[in-house]
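The values are calculated or read from the model by the stated rules, or taken from the named source; none is laboratory data. Everything quoted here is computed from the prediction, not taken from an experiment. Cβ placement follows ideal geometry from the backbone for every residue including glycine, while neighbour counts extend to all protein chains displayed. Heads up: the accessible areas ignore ligands, DNA and RNA and are worked out on the full protein's heavy atoms, side chains in. Shrake-Rupley method; radii C 1.70, N 1.55, O 1.52, S 1.80 Å.
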Amino acid sequence: AQSVTQPDIHITVSEGASLELRCNYSYGATPYLFWYVQSPGQGLQLLLKYFSGDTLVQGIKGFEAEFKRSQSSFNLRKPSVHWSDAAEYFCAVGQNTGGFKTIFGAGTRLFVKA
Amino acid sequence: DGGITQSPKYLFRKEGQNVTLSCEQNLNHDAMYWYRQDPGQGLRLIYYSQIVNDFQKGDIAEGYSVSREKKESFPLTVTSAQKNPTAFYLCASSGSPGAGELFFGEGSRLTVL
């Protein structure tokens, strides 16, 4: 069965510092991969997605992610974090068997300190 | 503006009562989804529908029911058979099977007393 692992429950970074959020997936074929962000009490918003092609994908709000097939990873990065980036981040994998479904990781909560 | 509307945002119910959560979209999307979110567990799929008058169980369908009589509407009923219904419920839609990206509503928080 497919699964998504986000090893860090929470991360704290200083404003202006770089950020990397880890994501590992388990899936037999070429995966559809996503990163979503959620502010408290809100729905989720797509940051970026990878379907095929260039393994480094750019998203909104200055985020990027790199797909590494050999490591089954899809880590999210940002060179300089802003206080407004404090939120929960979810990595997800899509499967297209009997209908398209998206499986989410448990999430990583990002805290930003001044 | 196009989007997904969930209502109510907050709901309190007594144990043993059925509750229906509304989800409406005006994005003209074929696929709609219901997820449950609990702290530390991410989002778990309850039910999904790829087309009107058809829906499939997700990973945690027990104690829930849905209908898809109209393209724009996908209500979720939390029945008294759901053992632990207190949670944050999220509805989402997608433009077409395989497109992948989910568009989410703002969620409904259900508290069962």
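Just a few scattered comments:
- Net charge in the neighbourhood of B:ILE46 (other residues with Cβ under 13 Å of its Cβ; Lys, Arg +1, Asp, Glu -1) is +1.
- 1.4 Å probe, heavy atoms, protein only - residues of the stretch A:68-110 losing at least 40 Å² accessible area vs chain alone: A:PHE100, A:LYS101, A:THR102, A:PHE104, A:ALA106
- Share of carbon and sulfur in the accessible heavy-atom surface of chain A [1.4 Å probe, %]: 49
- Charges were assigned to the Cβ only: +1 to each Lys and Arg, -1 to each Asp and Glu. The resulting dipole of the protein assembly as shown about its Cα centre is roughly 360 debye.
- Basic side chains Lys and Arg get +1 at the Cβ, acidic Asp and Glu get -1 at the Cβ, and with that the dipole of chain A about its Cα centre reaches some 160 debye.
- Rh (Kirkwood; distinct C-alpha pairs) - the stretch A:1-100, Å: 14.1
- Accessible area per residue for chain B is 48 Å², calculated with a 1.4 Å probe on protein heavy atoms, without ligands, DNA or RNA.
- Across peptide B:42-51, the average count of Cβ atoms from other chains found within 10 Å of a residue's Cβ is 4.
- 5 Å binning of all Cα-Cα separations within the stretch B:19-70, expressed as whole percents from 0 upward: 5, 18, 29, 26, 15, 6, 2
- Relative contact order (percent, whole number), chain A, Cα cutoff 8 Å, 6+ residue spacing: 37
- Here the stretch B:32-113 has an Rg and Dmax of 12.4, 40 Å, counting Cα atoms alone.
- Overall, the ratio between the Cα radius of gyration of the protein assembly as shown and 2.2 N^0.38 Å, rounded to two decimals, is 1.01.
- Taken about its Cα centre, chain B carries a charge dipole of about 380 debye when Lys and Arg each add +1 at the Cβ and Asp and Glu each add -1 at the Cβ.
- Count Lys and Arg as plus one, Asp and Glu as minus one, and take only other residues whose Cβ is under 13 Å from that of A:TYR27; the net charge is then +2.
- Accessible area buried between chains B and A, both sides summed, probe 1.4 Å, in Å² to nearest 100: 1700
- Candidate aspartates and glutamates for bridging to A:LYS61, where Cα separation is under 19 Å - those fewer than 8 sequence places away on the same chain excluded: A:GLU15, A:GLU20, A:ASP85, A:GLU88, B:GLU101
- Rolling a 1.4 angstrom probe over chain B with all protein chains present gives an accessible area of which 47% lies on carbon and sulfur atoms.
- Phi angles across the stretch B:28-35 convert, under the Karplus curve 6.51 cos²θ - 1.76 cosθ + 1.60 with θ = phi - 60°, into 3J(HN,Hα) values of 6, 7, 6, 9, 9, 9, 10, 10 Hz, Gly and Pro given as x.
- Among B:PHE104, B:TYR47, B:ALA61 the positive-end extreme of the charge dipole of the protein assembly as shown (Cβ point charges): B:ALA61
- Too-long pairs where the Cα-Cα distance tops 18 Å, listed order kept, from A:LYS78/A:LYS113; A:LYS49/B:LYS70; A:LYS101/B:LYS57: A:LYS49/B:LYS70
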